[in-house]
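Student: First the structure, then my questions, so here it is.
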Amino acid sequence: YGEVKKSNNTVSQTITNTKVETQISIVKIKKGDASTTLRDAKFSLYLVNGENDSYTESDLVTKIGTNEYGKATIKNLTPGTYLLVETKAPTGYLLSEKPWKIGVDLDGTVKVTYDGKTVNKTDGNYQIENAELYSLPNSGGPGTYGFTISGVAILATALLLFINNKRREEEAERS
């Protein structure tokens, strides 16, 4: 906005700029279970330029981590496009493969997307999911020992029969 004054053929104008800044809060949750929040996730926030969303370490804006309630706040975001890259996943969870894209418009409006899909706000926070590390189920059990011992015994018997047959063939050739 501005003010224009005119006197003696001189026009003066006063323009006041207002810096647009906003903040967002994220909550790290277990995939499929929004009631389980995840602490100790670490992120790097990069300001990106261009269509391909590329960045270098010189584009680093800040580093943040989730607290004991799985929450982190990013402050002083000015208009632009940012990438939020997970650098450390919570213990027992997979590191996110792709970054979250954060767009801040000139009016301070924020849009967060992950893999092209909009991330919705819940209770004023953007919920960011992490998948649990998976583990292979235990197989076998106590019954496997019997099968292992039986297999070794069958192989040993087959080897002894093979050696015995070889000796008989050699004795038959000599006679």
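Student: Going by accessible area, probe 1.4 Å, with all protein chains left in place, what is the ranking of Leu106, Leu94, largest first?
Tutor: Ranking Leu106, Leu94 by accessible area, largest first, yields Leu106, Leu94.
Student: Among Ser35, Ile64, Asn17, whose Cα lies farthest out toward the positive end of the dipole of the chain, if unit charges sit on the beta carbon of Lys, Arg (+1) and Asp, Glu (-1)?
Tutor: Asn17
Student: Under unit Cβ charges (Lys, Arg +1; Asp, Glu -1), what dipole magnitude, rounded to 20 debye, does the chain have relative to its Cα centre?
Tutor: 380
Student: Any idea what angle helix 143-174 forms with the longest principal axis of the chain, computed on alpha-carbon atoms, 0 to 90 degrees, nearest 10?
Tutor: The helix 143-174 is inclined about 40 degrees to the chain.
Student: Stokes-Einstein diffusion coefficient for the chain at 20 °C in a medium of 1.002 mPa s, Rh from the Kirkwood formula over Cα pairs: what value in µm²/s?
Tutor: 98
Student: Can you give the Rg/Rh ratio of region 6-70, where Rg is from the C-alpha atoms and Rh is the Kirkwood radius?
Tutor: Taking Rg over the Kirkwood Rh, I get 1.33.
Student: Kindly provide the helix-only [θ] at 222 nm of the chain, computed as the sum of -39,500 (n - 2.57) over DSSP H runs of four or more divided by all residues, to the nearest 500 deg cm²/dmol?
Tutor: Taking each H run of at least 4 residues, the total per residue is -6500 deg cm²/dmol.
Student: Taking the Cα atoms of region 41-123, what is the range of coordinates along each of the three principal axes, in descending order and whole Å?
Tutor: So the extents along the principal axes, rounded to whole Å, are 37, 31, 24.
The values are calculated or read from the model by the stated rules, or taken from the named source; none is laboratory data. Please read all numbers here as calculations on a predicted model, not as lab measurements. Here the Cβ is made from the backbone with ideal geometry for all residues, glycine too, and neighbour counts use every protein chain on show. Note: areas computed on protein heavy atoms with side chains; ligands, DNA, RNA excluded. Shrake-Rupley method; radii C 1.70, N 1.55, O 1.52, S 1.80 Å.
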